[in-house]
Every structure is written in C-alpha cells, then in structure tokens.
Amino acid sequence: MAQRQITDFNGLVMFRRDYRERDMLVKFFTDQFGKKMFFIRGARKRGFKLAAALLPFTQGTYVGNIHEEGLSFINAAKEYHQFQSISTDIGLNAYATYILNLIDVAFTDNQPLPRWYQQAVLSVQLIDDGFDPEIITNINEIQLLAAFGVAPYLESCVICHRSDLPLDYSESYGGLLCQKHFHLDPYRFHASARAIYLLRQFSVLNLSKLTSISVKQATKDELRRIIDRIYSDTVGLSLKSKHFIDDMKNWDHLLKP
C-alpha cells in the first residue's frame, strides 16, 4: 500500500488541465517531492477558494496530502504569488513554459529534485524580472543535457584537453575540438568563438549569481542554431512548446517592415 502524508511544501504550478466536469489536474514542481500531479476536486466551480493559488506560474507554500504514487491532493494554500509579467506576456510565457516542459520531460515524477526545483523557480523569476528569456532558456537547455543522457564535454578539447586554441563543437566527438584537431571532423559546427565561449559558460553558470547579461542578437541566433541541432540530432526531442517559440520568431519576421 502506497504511503501518504499531510505536509507543507513549496511548489510551482507547472501546468494544469481540466478533468471530468468540475475537477482539475494540476502538476506541481515541489521542493521536497519533485514533480507531482494533484487532483483538485471542484476546481472548475465558480467561487472555488483555491482558484488563484492554482493558476499557471504560481509559486507558494501549500498543504497537501502527498501520495508516493498516483495522484496527490491539495488541502490549502498558505501563501502564494503569481509571476505577473509571464502571466500577461505571451512571449515570456512561451519561454517559461518551454523550460518547465523540458524539466518535466527530463526527469521522472515523484523523484526529489531540490536543485532543479530551485533552478526552475529562479529561471521563472529571472524571466519575470526582465532578464533575456532566450538566454535563460539556453542556460537551462545546456545544463539539462546530462539529464537526457547527453553530457557534451565543454571544458576543453576532447582529444588533447587544450583550451588555449580556438575551439569548435563536434557531435561526432561529443564535445569540443581545438584548432589542432579540427581536421578530425569536417562536419564540426564551424561556430564562432563567441558562441563557443557562451556555450561553455552556460554549462557551468550558477543562475543565482547572474546579475546581468547582454548578448548580441546575431550571437543569440547562432546559439539557437547550435542548441537546436544538439537537441535534434543527439537528444531527439521535439516539443510543442519549442515549436511555438519558433513560430513566434516567424511572427516577428513577418511583422517587421
């Protein structure tokens, strides 16, 4: 018989969906129990007292009946807040949704992930505070590669471990090659020095220490191409939330005079 406990926990609403006529399923990323799905009875009824506490991109302290397996239940919300900028801006919403979607796919449910819980909340907070959502997304994408079973070697050249020569990314070698070994992979990415530098920095960056960041659009576009290629060719992942971001980029091009 699965164990259960009633306890306080901190949680971030990842997504929710309607269930039956009046109920709802809400997925939380919790600080103690990892990702868990909660059954909320009567959540779709008018005047439901916890409605505001269960909105997407809401983070707070909740009281719940936690089951090790299957659905858990929310009893009360002690304090909570919604990330307002993300909730009202379709672009910011798209990037935050994609980050949470990636985390959701990368890890199994009911697995304690305190480090990634903190990173998820911090990522959403930074985007809500006005940090470049593309860069915050890139940082998460690079750091999540290991969770997908792909951990490219970005510290130095995979062959000789030199880092004082120009470097480029090689899918064949699973990491960086220095200029001395470029000839080993004619299909290396031919990335710019700036893009490779940022790729290496993103792989080890602690988001809690990020105070400001500014990257030229051309470099951001190049990073996007590099990371997309890694995810497509190596991870083999294609998410609807990512396609939506790509579509938004096309909207921007269409709207430009």
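The values are calculated or read from the model by the stated rules, or taken from the named source; none is laboratory data. Worth saying up front: this structure is predicted, and the values here are computed from it rather than measured. Note that we place each Cβ from the backbone using ideal geometry, even for glycine, and neighbour counts take in every protein chain shown.
One table, with the values for the structure above:
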| item | result |
| --- | --- |
| Some residue of segment 189-197 being under 30 Å from T108 (Cβ atoms), surrounded by 17 or more Cβ atoms within 10 Å (Cβ to Cβ) and modelled with pLDDT of 95 or more | no |
| Flag if Y169 is in the same structural domain as T108 (by TED's automatic domain parsing), in contact with a Gly (Cβ under 6 Å, 6 or more places away or on another chain) and within 23 Å of A106 (Cβ to Cβ) | no |
| Lone unmet requirement of (1) at pLDDT 95 or above; (2) under 21 Å from Y98 (Cα atoms) for I213 | (1) |
| Pair list, Cβ under 6 Å, 6 or more apart: segment 225-248 residue assigned to a helix (DSSP H, G or I), other residue modelled with pLDDT under 95 and of a type in the set (A, V, I, L, M) | Y231/L237; T234/V150; V235/V150 |
| Meets criteria (without any contact (Cβ under 8 Å) to a residue 24 or more places away in the chain, in a strand (DSSP E or B) and either assigned by TED's automatic domain parsing to the domain that holds R229 or buried (at least 16 other Cβ atoms within 10 Å of the Cβ) (or both)) for S163 | no |
| Among (1) closer than 30 Å to F28 by Cα; (2) touching a residue at least 60 places away in the same chain (Cβ under 8 Å) - the single one E171 does not satisfy | (1) |
| Top-ranked residue of segment 28-47 - restricted to ones that are buried (at least 20 other Cβ atoms within 10 Å of the Cβ) and in a strand (DSSP E or B), ranked as farthest from the chain's Cα centre (by Cα) | I40 |
| Residue match in segment 231-243 (condition: among the basic types (K, R) and crowded, with 17+ Cβ neighbours inside 10 Å) | yes |
| Hits in segment 71-84 (condition: without any contact (Cβ under 8 Å) to a residue 40 or more places away in the chain and loosely packed, with under 14 Cβ neighbours inside 10 Å) | A76, E79, H81 |
| Within segment 13-53, tally of residues that are small (G, A, S) and over 22 Å from N93 (Cβ atoms) | 3 |
| All positions within segment 16-27 that are over 25 Å from the mean Cα position of the chain (by Cα) and either surrounded by 20 or more Cβ atoms within 10 Å (Cβ to Cβ) or at negative phi (or both) | Y19, E21, R22, D23 |
| Identity of the residue in segment 48-70, among the small types (G, A, S) and in a loop (DSSP other than H, G, I, E, B), that ends up surrounded by the most Cβ atoms within 10 Å (Cβ to Cβ) | A51 |
| Considering residues of segment 203-224 that are of a type in the set (S, T, Y) and assigned to a helix (DSSP H, G or I) only, the residue farthest from the chain's Cα centre (by Cα) | T219 |
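Yes/no matrix, rows are residues, columns are (1) assigned to a helix (DSSP H, G or I); (2) surrounded by fewer than 20 Cβ atoms within 10 Å (Cβ to Cβ):
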{"position": "Q118", "(1), (2)": "yes, yes"}
{"position": "T137", "(1), (2)": "yes, no"}
{"position": "N140", "(1), (2)": "yes, no"}
{"position": "V150", "(1), (2)": "no, yes"}
{"position": "F182", "(1), (2)": "yes, yes"}
